[in-house]
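Below is one structure, written out as structure tokens, with a few remarks after it.
The values are calculated or read from the model by the stated rules, or taken from the named source; none is laboratory data. Computed from a predicted structure; not experimentally measured. So basically every Cβ, Gly included, is an ideal-geometry build from the backbone, and we count neighbours across all protein chains shown. The protein model used for the area step is the full one, side chains on, heavy atoms only, and it has no ligands, DNA or RNA in it. Shrake-Rupley method; radii C 1.70, N 1.55, O 1.52, S 1.80 Å.
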Amino acid sequence: MATGVERGREMPIRVVVADDQELVRAGFGMILDAQPDIEVVAEAADGEQAIEAVRAHAPDVLLLDVRMPVMDGLEAARRVCAEFPDCKVIMLTTFDIDDYVYDALYAGASGFLLKDVRRDDLAHGVRMVASGEALLAPSVTRRLIGEFTARRGAAGGGPAQPSRAPSRLLEQLTAREAETLRLLARGLSNAEIAADLVVSEHTVKTHVSNVLAKLQLRDRVHAVVFAYESGAVVAGSADGGEPLREIP
């Protein structure tokens, strides 16, 4: 599915807003509908309604509250990301850093927004995710994943490993792509990766695209998640991750 950004203004970014608080839904809807390139096509009061709205309206972006009745946002995110891979999910939360944020990213969400987000940042976030970018800055994602991976590892808990075989997928990366994954996990932007590798930003974009395709990932947020979950990058070092292990 082409996004609204790719399709141009004549076909705006289609958005579903899911939150159990009517005032929040209405407020976000009004802000987004006021944008010339964004259209709110449906609202939902719980996770089940959100899934039905996505099924009925095929939106580009789903704004999804974490805590809702009937079905919470985390379960709804898992189902939407599995059933509708072209729909990008942004989680809405009251807290900037908590277990819900980690679980939402692991479930397949492309980022999160605080409910007190400024209107300009709300619209900008929707545009970013619709265009295929991750909403969270990679450096912020790195801190989140590093913190919770370390915490859960110490507790012996955490979500199950992905069903895909991480080591097998990592073996498909070239040396330069593996280096790109390491730098992504450390929170570097494309420009910073280009400077580090002494290549052009266009080349970096190609490497990032190859990494996402070979590792079967949705976006660069999930490249960071994968890097930590697979053990390719180890949480807890001074800069947020040790170098990638050598790939045999």
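The table below gives the values:
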quantity: Solvent-accessible surface (1.4 angstrom probe) belonging to residue 103, in square angstrom, nearest 10; calculated: 40
quantity: Euclidean distance of C-alpha centroids, the stretch 177-230 and the stretch 32-108, integer Å; calculated: 25
quantity: Simple spin-label estimate for residue 124 and residue 67 in nanometres, 7 Å along Cα-Cβ; calculated: 2.8
quantity: Accessible surface, 1.4 Å probe, highest first, among residues 220, 79; calculated: 79, 220
quantity: The stretch 164-216, relative contact order in percent, only Cα pairs under 8 angstrom and at least six apart counted; calculated: 46
quantity: Listed peptides 59-69, 191-201, 207-217 by packing density, highest first (mean Cβ within 10 Å); calculated: 59-69, 207-217, 191-201
quantity: Cβ-Cβ FRET estimate between residue 86 and residue 172, R0 fixed at 25 Å, reported to 0.05; calculated: 0.55
